[in-house]
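Single-structure report; data block below.
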Amino acid sequence: MSEDKKYDAIVIGAGVGGLAVATLLAKEGWKVLVIEQQDRPGGRAISMSGSEISDKGLEWYKKMLASQYTYIANSQPDMETVINRRMLDGYTLDIGYHAISANGAGYMLDFEDLIDGLPDVKKHGAFYGNYFQGKLYHDVAGTKIDPELKRIGKETGIRFLSYYSDAYGLSDEDIAKMEKVSFKKWADDKGISKNDILFNHLHCVSTLFSTINDPNDISMGDIFHYFKHAFGPKLMRGVLGYVGGFVENGTGEWSRSVVRKMQGYGGEILYNAKVKNILVEGSRVAGVRVETSEGEKHYAAAKVISNVPAQFTFQLIDPKYFPADWVRKTENMYGYGSYAPYMGLNKLVMPEEEAKMGLKNTCLVPKSEGFDYDVYICWNIQSAVDPSVAPPGKHLYTAYIPLNENEARNKVLVNKVVQRLPEFMEELYPGFKESIDWKLDLVCWKLEGVAKSISQAGSQKVPVKSQYVEGLYFAGDTAKGYGVAMDCAIVSGMICASEITGKDFVK
């Protein structure tokens, strides 16, 4: 084993959190190396073209999915036919559902401002809403409020908008205490549970933020922290206009742009390289041992940032350096998965307005079918928002259906949601099943690395700075951070960079 270069900091994994901390450090003049085992950046937020899947074949695609805790549960037609007939050509597919919160106006925008912008990234905003008893209710988007919800709130005297406004009157200490308060408990205390329409609507929004079906387990403190710090300043700036959105040409385009920015600041990235272990001398990190195409190498650094899920920390570093109870707690942190189908459609059978929205429902499959709670669904015609992801005349349907880790690994339960989805969409939009050219049933058992539950949210996650090994840090959605998916990973990287440099990137 030869020692290669020495760095100020080494980041393990080019996921969103790792890229955030690496780019901020590089901008501050640090000599930074990012080590990524795949051939592209993004982690669970990667994307690929359908033609690449056709060219490289099914086994390659399965390996790419498996690297991000994802597998193919089913397909229509069978996968061999899909590949051989090149039915995916012209489409762009992510691994999992990767709409971006507020069309990138949350922590993503804060980070982009810190690195002087990503002018080559285009985003397409979308409004969201939920169906309840056959009626569509629009989500709050900036200052836009569904008039029917306002009417119900006024007639019942239920202050449902406190869901969006209460956070701004609370201190961070009060919000931290609410991490262990569930959405259901909060809604009961506010009287919101008394009205089925208002409760269902806010339950849909809460699951959109948390990727958890059960309202008794969704952390209200995590949501409030996100509202106050990610959304509040954007309301003041007047840039919070959408509930969600998509990065043009797939989420991976954002990650690639961040890498280019990092390299512009002098940072380096090494692809197709797997970290075997973090090197420790005494009680401090000394670098990493890496398996590369050129053989095993040793890269030295006094700071090492792990962007792998925290549960897998001890695959990289000997647990003897940590208290046994901390090891057990970290290994037992649980994520949340998702059934994330993709469908190629030959026509749109829903109104244009609804095709351009993200639409939600709290019950695709009921709890009585063997699930922990009623299974929620959020779906988009992604190509109606971003035409770049589908060939001319075709349309790309994407969705996410949260499942806990055990459900996502249970083939019987997965099959129930796979079989139910086309029927569900047909009930909403007659003719939907006939519009399907192909369908991929992808299941990710760790879409959210750590579920934002009342026992794990926010400050209850792994701290970004290790208390036990000097120079060891953590980033990503399993480390301390708040908010939705990519935003959560990004802000963890910002918090991590703040701890390392002493400069406050999270004001």
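The values are calculated or read from the model by the stated rules, or taken from the named source; none is laboratory data. Just so you know, these numbers come straight off a predicted model, no measurement behind them. In this analysis, Cβ positions are derived from the backbone assuming ideal geometry, glycine residues included, and neighbour counts consider all displayed protein chains.
A compact table of results
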{"quantity": "Region 168-197, subset among the hydroxyl-bearing types (Ser, Thr, Tyr) and either in contact (Cβ under 8 Å) with a residue 40 or more places away in the chain or touching a His at 6+ places or on another chain (Cβ under 7 Å) (or both), residue surrounded by the most Cβ atoms within 10 Å (Cβ to Cβ)", "calculated": "182"}
{"quantity": "Test: residue 369 is surrounded by fewer than 24 Cβ atoms within 10 Å (Cβ to Cβ) and either under 21 Å from the mean Cα position of the chain (by Cα) or not assigned by TED's automatic domain parsing to the domain that holds residue 429 (or both)", "calculated": "no"}
{"quantity": "Residue that is nearest to residue 221 (Cα to Cα) [pool: residues in region 486-507 that are surrounded by fewer than 23 Cβ atoms within 10 Å (Cβ to Cβ) and of a type in the set (D, E, K, R)]", "calculated": "507"}
{"quantity": "Criterion violated by residue 133 - all others in (1) more than 20 Å from residue 230 (Cβ to Cβ); (2) outside the structural domain of residue 205 (by TED's automatic domain parsing); (3) at pLDDT 95 or above satisfied", "calculated": "(3)"}
{"quantity": "Count of residues meeting criterion [under 20 Å from residue 41 (Cβ atoms) and over 19 Å from the mean Cα position of the chain (by Cα)] in region 224-282", "calculated": "16"}
{"quantity": "Enumeration of residues in region 117-144 that are in a loop (DSSP other than H, G, I, E, B) and either touching a Pro at 6+ places or on another chain (Cβ under 6 Å) or basic (Lys, Arg) (or both)", "calculated": "122"}
{"quantity": "Test: residue in region 338-348 that is within 18 Å of the chain's Cα centre (by Cα), more than 23 Å from residue 245 (Cα to Cα), among the polar types (S, T, N, Q) and modelled with pLDDT of 95 or more", "calculated": "no"}
{"quantity": "Pair list, Cβ under 6 Å, 6 or more apart: region 395-409 residue among the aliphatic types (A, V, I, L, M), other residue assigned to a helix (DSSP H, G or I)", "calculated": "396/382; 396/383; 396/389; 401/417"}
{"quantity": "In region 460-507, residue modelled with the highest pLDDT [restricted to those that are more than 19 Å from residue 303 (Cβ to Cβ) and over 18 Å from the mean Cα position of the chain (by Cα)]", "calculated": "460"}
{"quantity": "Residue within region 273-283 that is in the same structural domain as residue 22 (by TED's automatic domain parsing) and touching a His at 6+ places or on another chain (Cβ under 6 Å) present", "calculated": "no"}
{"quantity": "From the options 248, 253, residue that is out of contact with any helix residue (DSSP H, G or I) (no Cβ under 6 Å at 6 or more places or on another chain), within 30 Å of residue 390 (Cβ to Cβ) and not polar (S, T, N, Q)", "calculated": "253"}
{"quantity": "Residue within region 152-163 that is modelled with pLDDT of 95 or more, within 17 Å of residue 187 (Cα to Cα), aromatic (Phe, Trp, Tyr) and assigned to a helix (DSSP H, G or I) present", "calculated": "yes"}
{"quantity": "Some residue of region 484-496 being under 22 Å from residue 113 (Cα atoms) and among the polar types (S, T, N, Q)", "calculated": "yes"}
{"quantity": "Which listed residue is of a type outside the set (S, T, N, Q), under 26 Å from residue 67 (Cα atoms) and in contact with a Lys or Arg (Cβ under 8 Å, 6 or more places away or on another chain), from 413, 442, 403, 447", "calculated": "447"}
{"quantity": "Filter result (surrounded by fewer than 18 Cβ atoms within 10 Å (Cβ to Cβ), in the same structural domain as residue 74 (by TED's automatic domain parsing) and among the aliphatic types (A, V, I, L, M)) within region 298-357", "calculated": "349"}
{"quantity": "Filtered residue count, region 314-350, keeping only those that are free of Cβ contacts under 8 Å to residues at least 60 places away in the same chain and not aromatic (Phe, Trp, Tyr)", "calculated": "11"}
{"quantity": "Answer from 57, 17, 50, 13 - the residue that is within 28 Å of residue 405 (Cα to Cα), touching a Cys at 6+ places or on another chain (Cβ under 9 Å) and not assigned by TED's automatic domain parsing to the domain that holds residue 442", "calculated": "17"}
{"quantity": "Residue within region 218-230 that is surrounded by fewer than 21 Cβ atoms within 10 Å (Cβ to Cβ), in contact with a helix residue (DSSP H, G or I) (Cβ under 9 Å, 6 or more places away or on another chain), closer than 21 Å to residue 100 by Cβ and not charged (D, E, K, R) present", "calculated": "yes"}
